[in-house]
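Before any comments, here is the structure.
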Amino acid sequence: MRWLPAAPYHSSVLVNSALSGADTAVLAADLTKTYVGGIEAVRGIDLQVRKGEVFGFLGPNGAGKTTAVRMLTTLLPITSGVAEVAGHDVSRDPGAVRTAIGVALQEAGLDPLQTGREVLELQCGLFGVSNPKKRAEALLETVGLTEAGDRRTKTYSGGMKRRLDLATALAHQPEVLFLDEPTTGLDPASRAQIWSEVRRINAEGATVFLTTQYLEEADQLCDRLAIIDHGMIISEGTPEELKSALGDDVVTVGLVAEDIERAAAAFVGDPNFSHVSVAETGLSLSVGNGAGAVARVVRALDSAGVDPQSITVSRPTLDDVFLQATGRRLEGSDRAAGTAGDQPPDGGGEGSESGSTAGGAE
C-alpha cells in the first residue's frame, strides 16, 4: 500500500503576517514549482527564516529541497507564490537577491585547471570585491586551504573541493548563505570540518539555509528546521521541539516483511501504546516507559505468532518524527522514493545539479 503524503503544513506566522520584517532573512508564501507535464516538485510551501539562524530543510532525495532552494536563489523561475530573500522580492528583483546571497550547490563546479587561489580571485573579481588577492588569501585561511591554495583543484580531495566551493560562496560576505546538501558523499572527518565552518560562519552573523538528508547534521547544526516530503512541509520547529512532540519512548521492532502486517494488528487498539508506525523494516511503538514495555511487546508478538528480528528502546529521534509524519524512515528511503515518476523531466529535479555558484556570479 502506498503511503499518502501528509497534509501540507502551514506556518501560522506566514499566514497571519505581512510578507516582510526586519528580523526576517528568507520568507516564502504558497511557493510552488510545477514542471511540464504537471509534475509538482514544490507544492505550496510557507516558511520564514530569521536573520542569524541556521535553518534546515530535512528530507529524502526527491522531496523538493533542492528545487525550493533553486527558486529562492533565482536559479529556477517560481511557478506561483511569493518569496523574499534579504528583503528583496525574488521574482521582481533577482539581481538584488543575487548580490545579497552566497550559494553552494550539491556538486562543486570548479575549473580543474585553476588553482584554489585563482578560483577565489576570479570569484572576488566577479563580485567587484576590492583587493581580490587579499580577500582570496583570507578565504583560503578561513576554510583551511592556505597550503593547498596554489595547487590545481583537480588534485583536491572531495572534502577540499567542498570547502573551496564554500569559500567561493563567501567571497562577497553574503547576508544569507544557501548550502544544498553540503556534506553529501564526504567522509566523517571532512563532514566534521564542514560543520565547523558552518558554525563559524553563522557565529560571524550570516544566516545559513541548508538542505540535508542526514539526521545528525540537522540535529547538530540547525536552530530550526522544516521536514519536507513530496514537495510539502509536513513539520517545522527546533530539533528538540519536534522530538519532544512525540513525547514517549520509542520501541523499534525489526521484522521480516511478511510479518509486519500481522504484528501491527497485534497492537491496534492497545491503550498502552500512544502511536504505532509501520515501516519497511518493522514497527515503531510509542510508549511512556519503553524498557518496561518490552515484555508486553514480546507477549503480544508471541500471541500473534510473530518472531521479532530485534527489539530496541530509544528516545525519539528526527527519524521517528519523519516516520510518524510520512509512514517511512528517512535514512535509506531515497531508493524507495526516487522513482522516475517523482523526477521532473530533463534532469530538473532533486539532486540533479551538476554545478555550483556563489550568488549571481555564475
Using R₀ = 41 Å, calculate the FRET efficiency as 1/(1 + (r/R₀)^6) where r is the Cβ-Cβ separation of Q173 and D307; round to 0.05. 0.10
Extension reserve of the E261-K154 stretch, reckoned as 0.36 nm per residue once the Cα distance is removed: 33.4 nm
What nm value, rounded to one decimal, do you get for the distance between D223 and A291 when each label is placed 7 Å out toward the C-beta? 3.7 nm
Using the basic label-point model (7 angstrom from Cα toward the beta carbon), what is the R92 to S244 distance in nanometres? 3.9 nm
Over the range 88-188, what is the relative contact order in percent, taking alpha-carbon pairs closer than 8 angstrom and at least six residues apart? 42 percent
Taking 0.36 nm per residue of separation and subtracting the Cα-Cα distance, what length does fully extending H275 through A203 add? 22.0 nm
Highest-first arrangement of 89-98, 148-157, 208-217, 162-171, where packing means the average Cβ count within 10 Å: 162-171, 208-217, 89-98, 148-157
D23 label point, 7 Å along Cα→Cβ, cut-off 18 Å on backbone N: hits in the range 197-234? 205-208, 223-225
Quick one: which residues, 5+ away or cross-chain, put their amide H under 5 Å from the amide H of A279? H built at 1.01 Å from N. S284
Charge tally for neighbours of S235 with beta carbon under 10 Å away, counting Lys, Arg as +1 and Asp, Glu as -1, is -3
M160 - accessible surface, heavy atoms, 1.4 Å probe, Å² rounded to 10: 30 Å²
Tell me the accessible surface of R50 in square angstrom (1.4 angstrom probe, heavy atoms of protein chains only), to the nearest ten. 130 Å²
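The values are calculated or read from the model by the stated rules, or taken from the named source; none is laboratory data. Since we're looking at a predicted model, the values are computed, not measured. With ideal geometry, Cβ positions are generated from the backbone for all residues, glycine too; neighbour counts draw on all protein chains shown. Remember, those area values only see protein heavy atoms, side chains included, never the ligands or the DNA or RNA. Shrake-Rupley method; radii C 1.70, N 1.55, O 1.52, S 1.80 Å.
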